[in-house]
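**Student:** Got a structure here, written out as structure tokens. Questions coming.
Every number in this text was worked out from the coordinates using simple rules, so none of it is lab data. Note that the structure is predicted; figures quoted are calculated from it, not measured. Methodologically, a virtual Cβ is constructed for each residue, glycine included, from the backbone with ideal geometry; neighbour enumeration extends over all protein chains shown.
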Amino acid sequence: MPNRSRILSGNEAIARGAYEAGVRLAAGYPGTPSTEILESLAQYESEVYCEWAPNEKVALEVVVGASLVGARSMATMKHVGLNVAADPLMTLSYMGTEAGLVVVVADDPGMHSSQNEQDSRNYARFAKIPLFEPSDSQEAKDFMIAAFELSERFNTPVILRSTTRISHGKSVVRLEKRKASQGKIEFLKNPQKYVAVPSYARKMRERMEKRLAQLRLYVNKCSQNRIIARGKEVGVVASGVTFQYAMEEFKEASILKLGLSYPFPDDLIREFAHNYQELIVIEELDNFLEEHIRSLGIKTKGRDFFPGIGELNPDKVAQGHDRIENGSVLLVEKKADKKAILLPARPPVFCAGCPSRGLFYALSQIDCVVSGDIGCYSLGVFPPYERLDTILCMGAGITVAQGMDKAGFRDKPLIGIVGDSTFFHAGMTGLLEISYNKGISTIVIVDNRATAMTGLQDHPGTGRTLMKKRTYTAYPEDFARACGIKNIRVIDPFDFGQTLRVLKEEVRKKAASVIISRRACILIEKPKKGPWTIDPDRCTQCGRCLKVGCPAIYQENTNEKVILVDKVLCTGCGFCAQVCSQGAIVPKG
């Protein structure tokens with residue numbers, strides 16, 4: 001296989017790099033744009049053990065255990081997942097590692113599939129650990145190998161930061177052989193290194209600072225940080241995908257490419273800046289590099305010309321270049337050209353046949369306050385349902401409702417919603433909070449038998465592991481009972497009468513309730529019935545079925561505005577037929 005090449009996405013290349021580096025164990029939690037890393041690595045199941053952990057904190061802790069017994073290991077997550085894993089990460093930096101350990105985090109500038117956009121580079125500085133930033137798929141693979149080597153050389157965890165554009169973009173990657181196994185699995189007792197009680201942790205802190213000082217010397221000479229000499233007047237500092245934009249737009253400028261961007265290579269930065277009349281920093285999200293370069297007493301241009309909100313792209317970098325040449329700073333984003341050809345709007349909707357549609361249609365019939373969570377059901381905030389009032393983070397669908405309750409809100413019933421995968425990730429402690437502190441909210445667990453939002457990955461409730469092995473199936477109602485919840489109901493959201501009745505019954509109770517809305521995602525299990533149609537003789541054109549919000553039901557744009565069912569989109573779930581008071585929606589003959 002040496003010197004064989006393939007076109008790989010950044011995520012596939014990261015997985016390939018981990019494989020070639022000799023990784024033995026990898027754990028993570030699915031989340032766009034990082035999901036495909038672990039799925040790609042799982043194809044090497046005979047040589048690498050991979051697992052979906054219940055959440056990112058658990059994943060990192062599992063990975064730490066593997067490293068301490070001599071196995072190269074990797075944790076994968078998206079940016080908000082690093083928040084969850086931050087607790088073990090901070091102390092791991094004190095402890096250090098044995099076998100190489102890399103934390104791969106994929107940021108989402110522009111919030112293509114996230115509730116916020118944050119710059120994970122700050123975590124590297126916060127935890128005082130090295131940070132790699134690849135600029136294409138080849139570097140994604142190569143930097144993974146370098147990250148494991150650096151981890152072992154300096155006895156430190158390492159972060160590799162990807163972004164949406166790197167994770168999902170594709171380029172040619174050279175494939176090499178897998179590195180031979182690092183040796184036997186063993187644990188050498190060393191409490192002063194591995195047990196972070198205060199008396200030992202104080203010494204760990206001193207070792208960490210010495211390690212950081214050594215790393216600061218290393219980053220000035222490493223191959224990942226390099227100067228590309230082109231012009232003699234302007235120098236541009238860039239990392240990650242912005243390097244590609246800089247190379248394309250600033251053709252006459254020299255480039256300082258930072259692939260190992262933290263610790264900051266101060267000597268290299270000073271050397272580079274000294275040779276140019278003008279220094280420009282291009283980076284996505286925070287002014288992480290620019291702020292530090294300014295602290296060195298070096299004048300530079302950056303955030304005043306390139307936006308820190310949203311994803312950068314070649315057009316935005318070109319606009320920034322124009323502003324620099326014209327001497328005009330960035331005040332507001334340039335409005336889109338009205339003459340530009342725009343694609344038709346595609347409003348976010350539940351899939352045709354999605355079981356959440358039945359639940360949210362029923363919720364739209366109740367005057368209540370609904371605290372939501374992260375998942376497909378987040379779409380319930382949009383018309384025609386408009387039945388989500390808050391979304392904070394994973395698990396908060398439960399706990400925000402509890403906070404409203406305990407603050408004395410009594411104007412309307414309180415309903416908290418959480419998905420099955422999200423419940424196992426971060427909802428169980430919230431449910432225990434409600435039971436222990438005597439809350440009275442109604443909690444709906446949307447159980448569609450998969451981590452549906454990120455691509456139908458397995459979780460503890462599916463009975464399958466990432467490696468497709470059969471295992472114990474966890475049921476949310478069992479955990480609800482264990483938490484002390486007495487009122488527990490299981491409903492089929494496609495049964496409109498049952499769903500509405502149970503919701504109304506439970507919100508009236510002055511005690512906590514848990515409703516399990518159980519129906520598999522339509523992409524996993526399709527109804528046995530075929531498509532439905534509308535009987536024109538019965539249909540009164542009342543429009544009630546349109547309020548279900550199914551993309552298969554539409555009103556033909558004619559003078560008569562006839563309502564029709566698209567037989568291609570219709571999955572045959574039949575929920576619309578239950579809503580029609582005239583019995584006009586019938587199975588297609």
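**Student:** Between residue 291 and residue 6, how many nm apart are label points set 7 Å from Cα along the C-beta direction?
**Tutor:** It works out to 3.9 nm between the two label points.
**Student:** To continue, here is another question. Grab the Cα-Cα distance for residue 468 and residue 541, subtract it from 0.36 nm times how many residues apart they are, and report the gain in nm with one decimal.
**Tutor:** 21.5 nm
**Student:** Also: Can you tell which of 258, 354, 275 lies farthest toward the positive end of the dipole of the chain, using +1 and -1 charges on the Cβ of basic and acidic side chains (Lys, Arg; Asp, Glu)?
**Tutor:** Working it through, the farthest residue towards the positive pole turns out to be 354.
**Student:** Starting from the Cα of residue 172, step 7 Å toward the Cβ, then list every residue of the stretch 106-145 with an amide N under 20 Å from that point.
**Tutor:** 135-143
**Student:** Sticking with the crude label model, points 7 Å out along Cα→Cβ, report the distance from residue 233 to residue 581 in nm, one decimal please.
**Tutor:** Each label point is offset 7 Å from its Cα along the Cβ direction, giving 7.5 nm.
**Student:** What FRET efficiency comes out for the pair residue 409/residue 386, r = Cβ-Cβ distance, R0 = 22 Å, nearest 0.05?
**Tutor:** The computed FRET efficiency comes out at 0.70.
**Student:** Quick one: which of 57/301; 177/210; 179/221; 141/299; 141/184 span more than 27 angstrom between C-alpha atoms?
**Tutor:** The answer is 57/301; 177/210; 141/299.
**Student:** Placing unit charges on C-beta atoms (Lys and Arg positive, Asp and Glu negative, everything else neutral), compute the dipole magnitude of the stretch 225-326 about its Cα centre in debye, rounded to 20.
**Tutor:** In debye, rounded to 20, the stretch 225-326 gives about 260.
**Student:** Can you tell me the FRET efficiency between residue 487 and residue 529 if r is taken as the Cβ-Cβ distance and R0 is 35 Å, rounded to the nearest 0.05?
**Tutor:** Efficiency at R0 = 35 Å is approximately 0.60.
**Student:** Right, next: Checking the cross-link filter: which lysines have an alpha carbon closer than 19 Å to that of residue 504, excluding same-chain neighbours under 8 positions apart?
**Tutor:** Hits, sequence-local ones excluded: 412, 486.
**Student:** With a point put 7 Å past each Cα toward its Cβ, work out how far residue 309 is from residue 367 in nm, to one decimal.
**Tutor:** So the label points at residue 309 and residue 367 sit 3.6 nm apart.
**Student:** Which of 183, 289, 456 sits farthest toward the positive end of the charge dipole of the chain, with +1 on the Cβ of Lys and Arg and -1 on the Cβ of Asp and Glu?
**Tutor:** About the Cα centre, the residue reaching furthest to the positive side is 183.
**Student:** Arrange the following residues from fewest to most other Cβ atoms within 10 Å of their Cβ: 208, 247, 74.
**Tutor:** Numbers: 208 20, 247 17, 74 34.
Fewest to most other Cβ atoms nearby, the residues stand as 247, 208, 74.
**Student:** For 93, 356, which order do you get if you count the other beta carbons within 10 Å of each Cβ and list the fewest first?
**Tutor:** Arranged by neighbour count, lowest to highest, 93, 356 become 93, 356.
**Student:** Show the residues, 5+ positions off or on another chain, whose built amide H is closer than 5 Å to the amide H of residue 489.
**Tutor:** 514, 515, 516
**Student:** Also, quick follow-up: Return the long-range amide H neighbours of residue 262 (sequence gap of 5 or more, or a different chain), with a cut-off of under 5 Å between placed amide H atoms.
**Tutor:** 131
**Student:** Which whole-angstrom value gives the distance between the alpha carbon centres of the stretch 562-587 and the stretch 220-268?
**Tutor:** 59
**Student:** Rounded to the nearest Å, what's the spacing between the alpha carbon centres of the stretch 453-512 and the stretch 31-77? Just the number, please.
**Tutor:** After rounding, the separation between the Cα centres reads 27 Å.
**Student:** Of 379, 446, 482, which is farthest towards the positive pole of the stretch 355-518's charge dipole, taken about the Cα centre with +1 and -1 on the beta-carbons of Lys, Arg and Asp, Glu respectively?
**Tutor:** It is 482, whose Cα lies furthest towards the positive end.
**Student:** Which value, in debye to the nearest 20, describes the size of the charge dipole of the chain about its Cα centre when Lys and Arg Cβ atoms bear +1, Asp and Glu Cβ atoms bear -1, and nothing else is charged?
**Tutor:** Working: 77 positive and 67 negative charges, 236 e Å.
Taking the Cα centre of the chain as origin, the dipole is about 1140 debye.
**Student:** On full extension of the chain, what length is gained from residue 326 through residue 187, given 0.36 nm per residue of separation minus the C-alpha to C-alpha distance? Could the numbers behind the result be given before it?
**Tutor:** Working: separation 139, 0.36 × 139 = 50.04 nm, distance 6.20 nm.
The span from residue 326 to residue 187 would gain 43.8 nm if fully extended.
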